[in-house]
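The values are calculated or read from the model by the stated rules, or taken from the named source; none is laboratory data. Predicted, not measured: the structure shown is a model, and the values here were computed from it. Here the Cβ is made from the backbone with ideal geometry for all residues, glycine too, and neighbour counts use every protein chain on show. In case anyone asks, the SASA skips ligands and DNA or RNA and just uses the protein heavy atoms, side chains included. Shrake-Rupley method; radii C 1.70, N 1.55, O 1.52, S 1.80 Å.
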Amino acid sequence: MAKPILVANWKNHPSSPEEAKKLLKELSKKRKLFKKTTLFIAPPFTYFESVSERITGFGRLAAQNISSLPPGNYTGQVTPDILKNFGVRLCILGHSERRGFGETSEHIAKKVKAALRSGIAPLVCIGEKERDAEGEHFEFLREQLKSSLAGLNAKAAAKTAIAYEPVWAIGKSAKDAINLTELSQTVIFIKKVLADLFGRKTAEAIAILYGGSVEPDNANELMRNSGIRGFLVGHASLDAKSFNAIAESLSKT
Ligand code: PGA
């Protein structure tokens, strides 16, 4: 069995290099625990060097975004070749906060291809804004998957991973997150859509993670038979005690 995947999405935190170093120091004390998972930390670009120096041996660097452009002169862009050369192996793409800035699934599909061309695995985020009794959100998820992965063949699709992050559950607390039944049903649905798009074998190869208020209080339950292979963690990844406890839950699955 492959190790569970744990991705820390630091977003635009912490607010100083000293705090980032302190957090990394706390995490490195639990390096043995993190070695039982495939750990990625996605910090703001400004902390890349500091993070990569301090997680050697138990974690890898991930990016929160990528440019879809080839190497060239683009002020303010960071192209995949630079990230790859820096050791980045995973990139979060299509996070709802970026979609909120106007990033569309078409932009995301371009970024997915650019990441793959550079040997960086795209972690493609999908998630409905709200759920409804008629299950309309499933259609929304199908459309997001289809358009964000547009243009990929099965071989390329097998190198991606999906993060299911219902927007209504992001940035809240464990009690407001999804429950196990809803998560299991959604994972089955996502696998079915992936199988329709790329075939069953490829669908099985694509790791599905869950994100949205993952905390020590719900990590254990959400991993249990839900079909997910790990978590994308926001606020709880900025607190060493909470993040260690989530890793502990994962390492026991
Ligand atoms: P959260 O964020 O864990 O704070 O809900 C998850 C995310 O936005 O990736």
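Computed quantities for the displayed model
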{"item": "Region 184-206 residues that are hydroxyl-bearing (S, T, Y), paired with ones that are assigned to a helix (DSSP H, G or I) (beta carbon under 9 Å, 6 or more apart)", "result": "T186/H137; T186/F138; T186/L141; T202/A154; T202/K155; T202/A157; T202/L194; T202/A195"}
{"item": "Enumeration of residues in region 225-246 that are of a type outside the set (S, T, Y), under 19 Å from E165 (Cβ atoms) and more than 12 Å from the ligand (Cβ to nearest atom)", "result": "G227, I228, R229, G230"}
{"item": "Within region 145-171, considering residues that are open to solvent by 10 Å² or more (accessible area, probe 1.4 Å) and either out of contact with any helix residue (DSSP H, G or I) (no Cβ under 9 Å at 6 or more places or on another chain) or assigned to a helix (DSSP H, G or I) (or both), the one farthest from R229 (Cα to Cα)", "result": "S147"}
{"item": "Filtered residues of region 83-104 (kept if part of a helix (DSSP H, G or I) and closer than 19 Å to L116 by Cα)", "result": "L83, K84, N85, F86"}
{"item": "Pick from region 60-82, criterion in contact with a Ser or Thr (Cβ under 7 Å, 6 or more places away or on another chain) and in a helix (DSSP H, G or I), ranking: farthest from the ligand (Cβ to nearest atom)", "result": "D81"}
{"item": "Enumeration of residues in region 106-117 that are closer than 28 Å to F140 by Cβ and surrounded by fewer than 20 Cβ atoms within 10 Å (Cβ to Cβ)", "result": "E106, H107, K110, K113, L116"}
{"item": "Sole exception among (1) open to solvent by 10 Å² or more (accessible area, probe 1.4 Å); (2) within 16 Å of the ligand (Cβ to nearest atom); (3) of a type in the set (D, E) for E139, by number", "result": "(2)"}
{"item": "Check on I208, surrounded by 15 or more Cβ atoms within 10 Å (Cβ to Cβ), away from the ligand (no atom under 14 Å from the Cβ) and in a helix (DSSP H, G or I)", "result": "no"}
{"item": "Residue in region 48-104 that is least open to solvent (accessible area, probe 1.4 Å), counting only those that are charged (D, E, K, R) and under 22 Å from E165 (Cα atoms)", "result": "E103"}
{"item": "Residue selected from region 162-205 under the condition near the ligand (Cβ under 10 Å from one of its atoms) and of a type in the set (D, E), by the criterion farthest from I126 (Cα to Cα)", "result": "D176"}
